[in-house]
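Shown next, in structure tokens, is the structure this report addresses.
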Amino acid sequence: MTRMTPLLARNEQFARTYTPAALGIPAAQLLVVTCLDHRVDPAIVLGLQLGEAPVIRNAGGRVTQAVIAFVAFLAEQLFGGQDAADTLFEVAVIHHTQCATGFLADPGLADAALAASVVADPHATVQADVERLLTSPLLTPKVSVSGHVYAIATGRLTTAVDARYPERRRG
């Protein structure tokens, strides 16, 4: 028996009533970027159902070059058929309090990539990440970006940066 055994049993229960969601435009027209911290499960925190929103999780929920490339890919490939649509979807960047990436701020840590994921002040880092995404030349002007902070102590999610479109948006 491994630690996965009880989770496999839970999956069996899930699979008995499972109905696959078709690949297509997510119902919420939202993409979530958040931390991989087990205390911040976007399905629970946001009440998401299967098929409502893609979720990208990484250390700190940081907007990396890979995240930017994936958002651009989704805008073009998954949502690209919405030519008449004025907007495609919103990217919600969510950072949280008490983030364990703070331990990566240790000056003795030699890994720059890990050090770049530090979230010591989630309000500041979520603003920086929203700006990073908004100023990327890869982001289509039809995608809006918002920033939010989840408080571990209360379970509340607050908006730190209202949804905005890139400055170069025409319309």
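Normalised by the number of residues in the chain, the average gap of Cα pairs under 8 Å and 6 or more apart makes the relative contact order 21 percent. The slack in the chain from T17 to L36, taken as 0.36 nm per residue of separation less the alpha-carbon distance, amounts to 4.1 nm.
Assuming R0 = 22 Å, can you tell me the calculated FRET efficiency for the pair A115 and T158, based on Cβ-Cβ distance, to the nearest 0.05?
Values: r = 27 Å, r/R0 = 1.21.
For A115 and T158, the calculated efficiency is 0.25.
Taken about its Cα centre, the chain carries a charge dipole of about 200 debye when Lys and Arg each add +1 at the Cβ and Asp and Glu each add -1 at the Cβ. Note on segment 1-117: dipole from Cβ charges, positive end direction compared against A115, I44, V67; the farthest Cα belongs to I44. The share of accessible area on segment 84-171 that comes from carbon and sulfur is 56 percent, using a 1.4 angstrom probe. Computed over protein heavy atoms with a 1.4 Å probe, the accessible surface of the chain works out to 59 Å² per residue.
Using r as the Cβ-Cβ distance of D106 and T135, and R0 as 30 Å, what FRET efficiency do you calculate, to the nearest 0.05? Walk me through the numbers before you get to the answer.
On the way: r = 29 Å, r/R0 = 0.98.
About 0.55, to the nearest 0.05.
The values are calculated or read from the model by the stated rules, or taken from the named source; none is laboratory data. Please read these numbers as outputs of a predicted model, since none were measured by experiment. When we count neighbours, we look across all protein chains shown, and the Cβ atoms used for this are built from the backbone with ideal geometry, even at glycine. Note: areas computed on protein heavy atoms with side chains; ligands, DNA, RNA excluded. Shrake-Rupley method; radii C 1.70, N 1.55, O 1.52, S 1.80 Å.
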